[in-house]
Structures are given as structure tokens and as C-alpha cells.
1. Sort out which residues of the range 140-195 are in a loop (DSSP other than H, G, I, E, B) and among the aromatic types (Phe, Trp, Tyr), and write them in order of number.
2. Listed residues 14, 87, 33; which is more than 16 Å from residue 120 (Cα to Cα) and aliphatic (A, V, I, L, M)?
3. Regarding residue 175, is this residue of a type in the set (A, V, I, L, M) and surrounded by fewer than 20 Cβ atoms within 10 Å (Cβ to Cβ)?
4. For residue 105, state whether it is β-branched (Val, Ile, Thr) and surrounded by 20 or more Cβ atoms within 10 Å (Cβ to Cβ).
5. Hey, could you check the range 122-138 for residues that are touching a Ser or Thr at 6+ places or on another chain (Cβ under 6 Å) and more than 20 Å from residue 104 (Cα to Cα) and say which is most open to solvent (accessible area, probe 1.4 Å)?
6. Scan the range 73-95 for residues that are open to solvent by 20 Å² or more (accessible area, probe 1.4 Å) and over 22 Å from residue 41 (Cβ atoms) and jot them down.
7. Residues in the range 90-110 that are within 14 Å of residue 126 (Cα to Cα), out of contact with any Phe, Trp or Tyr (no Cβ under 8 Å at 6 or more places or on another chain), part of a strand (DSSP E or B) and not small (Gly, Ala, Ser): how many?
8. If only one of 112, 119 is buried (at least 21 other Cβ atoms within 10 Å of the Cβ), within 16 Å of the chain's Cα centre (by Cα), farther than 24 Å from residue 15 by Cα and not basic (Lys, Arg), which one is it?
Amino acid sequence: MAIDETIIRRWHNADVVLLGGSAGSFKIIFQLARNLTLQLNKTVIIIIHRKKNFFSEIEKLFTENIRILFKEISDKDKIYKNTVYIAPANYHVLIEKGGYFSLDVSDSVWYSKPSIDVSFESAAEIYKDRCVAILLSGANQDGAEGLLKLRNSGALTIVQDPGDAEMPQMPNAAININAAEYILTTTEIISLFKT
């Protein structure tokens, strides 16, 4: 499905972009983040499955290679535009009224903490139609239910084309419950960020 005027209009009206993914999603997330500029004028929140108790250089890699502010989320951080936030390992990320993050230590969802579903569902309550959510490659169903809640709240919901995803289970799970308004290839997703 190609990018049309409706997607572009809704993209420009959004305040926040949510990127959710797991196995096979890091490459596209990193590529998207590397191309961001201040002209984006949005908040970008990345929820990617990360191994608990495992040191990761994700933060360093992003900080050294992107042109806008990058920050790992801390409890009660204020949410700002033109900033890329990443969910920390071992915590679920919630979005609070008033534009703040909160971190939650409850049980894993789909064996994952951070959970994409938890963050997407929280964002649906706050951002409604001022949100774009993109669910990428992954090997389980995390994110599908949250994407459906976002769609039902008026958000623009997109999944990576399963045929283009390294691990198609996550996008397929969202498609199977009609959570995705649009199914886009990796190239189309990248081009959306350039509009």
C-alpha cells in the first residue's frame, strides 16, 4: 500500500511517533533515527525489546549518530518535541497526563519488559488522533493489541509489511486483528519520515 495524501496529512498533524519492535527491528529504527532533523517537530518514542541484565550500547550508538536530542527514559521525565526517547530495559513505559513518562516494574507482557502493548495503550489514552504508531519486525504478538487500541482512539497505525520484516510475527499479529490501517514497506516507512 503506497503512501497517500491522507497518511501525509495525518503524519503532519501528529505530535508523537511511536516505534515498536523486537527481533529484526533495530536496523530500521536506527536508520529512521539517524535521518531525523529538527524539522520533524515531533516526539519520537522507541519501545524495543531489550535483554534484561545485559549491557547494551544502544544509547551510545544513537547518541553518537543522530542529529536531534536522544535520551533513555527516566521516571517522571517531561516529554519534549524534537527528542528521541528510548524505553529502558526492565521497565514498562507509561505516558502520563501533563506530558510526563512513568516507569512501571510490573510483570513482563509477552515475555518482554519493556512491553510495546503497555506503552501503546498508554499513549492511546493521552494522544488519541495526534499520534502515529508504527509496529515493526518482531517474533511475538507484543504491540498488536496496543496498536488496535491506538487505532480505535484515532491514531494513525502502520505496520511494516510482513514480507519485508525480518521476523513477520509481530506485524502479522496486528494485521490479523485489524489494528493496522496501513501496511508499508521499509522503504515507504523511511520515506514517510522525510515528508
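The values are calculated or read from the model by the stated rules, or taken from the named source; none is laboratory data. Here the structure is a predicted model, which means the values were calculated and not measured. Positions of Cβ are generated from backbone atoms using ideal geometry, with glycine treated the same way; all protein chains shown enter the neighbour counts. SASA here: full protein model, heavy atoms, side chains in, ligands and nucleic acids out. Shrake-Rupley method; radii C 1.70, N 1.55, O 1.52, S 1.80 Å.
1. Kept after step one, since they are in a loop (DSSP other than H, G, I, E, B), are these residues of the range 140-195: 140-143, 153-155, 161-168, 177-181, 185, 193-195.
Matches in the range 140-195: 193 only.
2. Working: 14 fails: more than 16 Å from residue 120 (Cα to Cα); 87 fails: more than 16 Å from residue 120 (Cα to Cα).
None of the other options fit; the residue is 33.
3. Numbers: of a type in the set (A, V, I, L, M): yes; surrounded by fewer than 20 Cβ atoms within 10 Å (Cβ to Cβ): yes.
Against the criterion (of a type in the set (A, V, I, L, M) and surrounded by fewer than 20 Cβ atoms within 10 Å (Cβ to Cβ)), residue 175 qualifies.
4. Values: β-branched (Val, Ile, Thr): yes; surrounded by 20 or more Cβ atoms within 10 Å (Cβ to Cβ): no.
When the stated conditions are applied, residue 105 does not pass them.
5. Narrowing the range 122-138 to residues touching a Ser or Thr at 6+ places or on another chain (Cβ under 6 Å): 124, 128, 133, 136-138.
Adding the requirement that they be more than 20 Å from residue 104 (Cα to Cα) leaves 128, 133, 136-138.
Working: 128: 100, 133: 0, 136: 0, 137: 0, 138: 0 Å².
Filtering first and then ranking leaves 128.
6. Scanning the range 73-95 gives 74, 75, 76, 89, 90, 91, 94.
7. We begin by selecting, within the range 90-110, every residue within 14 Å of residue 126 (Cα to Cα); these are 93-102.
Those left that are additionally out of contact with any Phe, Trp or Tyr (no Cβ under 8 Å at 6 or more places or on another chain): 96-100, 102.
Among the residues that remain, those that are also part of a strand (DSSP E or B) are: 96, 100, 102.
Among the residues that remain, those that are also not small (Gly, Ala, Ser) are: 96, 100.
The number of residues fulfilling the criteria is 2.
8. Numbers: 119 fails: farther than 24 Å from residue 15 by Cα.
After applying the criteria, what remains is 112.
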